[in-house]
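Single-structure report; data block below.
The values are calculated or read from the model by the stated rules, or taken from the named source; none is laboratory data. On a predicted model such as this, the values are computed, not experimentally measured, just so you know. Every residue, glycine as well, gets a Cβ built from its backbone with ideal geometry; the counts of neighbours run over all protein chains shown.
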Amino acid sequence: MFGDALVLAEAYVARLADDGVTRGLIGPREVPRLWERHVLNSAAVAEAVPAGSRVVDVGSGAGLPGIPLGLARPDLALTLVEPMARRVDFLTEAVAELDRPWRVVRGRAEERSVIAAVGPVDVVTARAVAPLPRLVAWCRGLLRPGASLVALVGARAVEDLAGMLPELEAAGMRDVHPRAVGAEWGDAATTVVVMTRGRR
């Protein structure tokens, strides 16, 4: 999954297991399953992201799914957006340690300053940030017509997706569907919900 960037992925996991826990970004009980539950299933999102995309990871937190996605896909231009200062500090240090050309922007996806700093992108990613209709409302300013939102969601969100469709479509989203990713990675397999902003 990571190819030549495996050593960087290992360094990132080590940082999550140490700094991530002491700073309260990762629970201590999560450390034994960082690879499967957090890093590999974040990287699996790569299957749903077109080549060469400009990607913004909103509510990036400890860098999930953004950092594993960026390590798995060096062709992507990645920006990590996060409002909390301590998380921004962690992300900034992690990006510097990994020596990647990614940007870290402090703020909320819906803020004008963030939209101006990030600009329209091809793909917005998010992991457990908010219910899908609220996430769409927050991210509309970042999604140019034809751009996609790829949200890592739990089983409950997939079950509830049909009921959310009218609200998502009223917000201008089209081709809303769940997609299984990472099937070949065993416990790291997960589901994303993919949708595209309409062009009208």
Check: Between a first residue in the stretch 182-193 that is at positive phi and buried (at least 22 other Cβ atoms within 10 Å of the Cβ) and a second residue that is in a strand (DSSP E or B) and modelled with pLDDT of 85 or more, which pairs have beta carbons less than 6 Å apart while being 6 or more apart in sequence or on different chains?
Finding: 182/190
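Among the candidates 166, 145, 133, single out the residue that is within 17 Å of the chain's Cα centre (by Cα) and under 22 Å from residue 198 (Cβ atoms). Break it down stepwise before answering.
Numbers: 166 fails: within 17 Å of the chain's Cα centre (by Cα); 145 fails: within 17 Å of the chain's Cα centre (by Cα).
On inspection, the qualifying residue turns out to be 133.
Check 7, 13, 39 and return the single one that is on the phi < 0 side of the Ramachandran plot, in contact (Cβ under 8 Å) with a residue 24 or more places away in the chain, in a helix (DSSP H, G or I) and surrounded by fewer than 21 Cβ atoms within 10 Å (Cβ to Cβ). First the steps, then the outcome.
Working: 7 fails: in contact (Cβ under 8 Å) with a residue 24 or more places away in the chain; 39 fails: surrounded by fewer than 21 Cβ atoms within 10 Å (Cβ to Cβ).
Within the list 7, 13, 39, the selection yields 13.
Would you be able to tell me the number of residues in the stretch 158-176 that are without any contact (Cβ under 8 Å) to a residue 24 or more places away in the chain, assigned to a strand (DSSP E or B) and within 12 Å of residue 132 (Cβ to Cβ)? Break it down stepwise before answering.
Of all residues in the stretch 158-176, those without any contact (Cβ under 8 Å) to a residue 24 or more places away in the chain come to 159-160, 162-163, 165-166, 169-170, 175-176.
Subsequent filtering for residues that are assigned to a strand (DSSP E or B) retains 175-176.
Narrowing the set further to residues that are within 12 Å of residue 132 (Cβ to Cβ) leaves 176.
Number satisfying all stated conditions: 1.
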Checklist line | Selection from the stretch 120-176 of residues that are more than 13 Å from residue 59 (Cβ to Cβ) and among the hydroxyl-bearing types (Ser, Thr, Tyr) | finding: 148
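I need the full set of residues from the stretch 16-36 which are touching a Leu at 6+ places or on another chain (Cβ under 7 Å) and not in a helix (DSSP H, G or I), in order please. Before you say what the answer is, go through the steps one by one.
In the first step, residues of the stretch 16-36 are kept if they are touching a Leu at 6+ places or on another chain (Cβ under 7 Å); the result is 16-17, 26, 34.
Scanning the stretch 16-36 gives a single hit, 26.
Yes/no per residue for (1) loosely packed, with under 15 Cβ neighbours inside 10 Å; (2) part of a loop (DSSP other than H, G, I, E, B):
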site: 75; (1), (2): yes, yes
site: 79; (1), (2): no, no
site: 88; (1), (2): no, no
site: 94; (1), (2): no, no
site: 97; (1), (2): yes, no
site: 115; (1), (2): no, no
site: 125; (1), (2): no, no
site: 144; (1), (2): yes, no
site: 156; (1), (2): yes, no
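For the stretch 51-63, what are the residues that are touching a strand residue (DSSP E or B) at 6+ places or on another chain (Cβ under 7 Å), under 18 Å from residue 148 (Cα atoms) and assigned to a loop (DSSP other than H, G, I, E, B)?
In the first step, residues of the stretch 51-63 are kept if they are touching a strand residue (DSSP E or B) at 6+ places or on another chain (Cβ under 7 Å); the result is 53-61, 63.
Those still in the list that are under 18 Å from residue 148 (Cα atoms) too: 53-60.
Across the stretch 51-63, the qualifying residues are 53, 59, 60.
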Note to self: Quick test of your reading of the structure: residue 46 fulfils all but one of (1) more than 14 Å from the chain's Cα centre (by Cα); (2) assigned to a helix (DSSP H, G or I); (3) within 22 Å of residue 121 (Cβ to Cβ). Name the failing condition by number.
What the structure shows: (1)
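Quick one: which of 23, 100, 87 is farther than 30 Å from residue 140 by Cβ and either more than 16 Å from the chain's Cα centre (by Cα) or among the basic types (Lys, Arg) (or both)? Quick ask: steps written out before the conclusion?
On the way: 100 fails: farther than 30 Å from residue 140 by Cβ; 87 fails: farther than 30 Å from residue 140 by Cβ.
The match here is 23.
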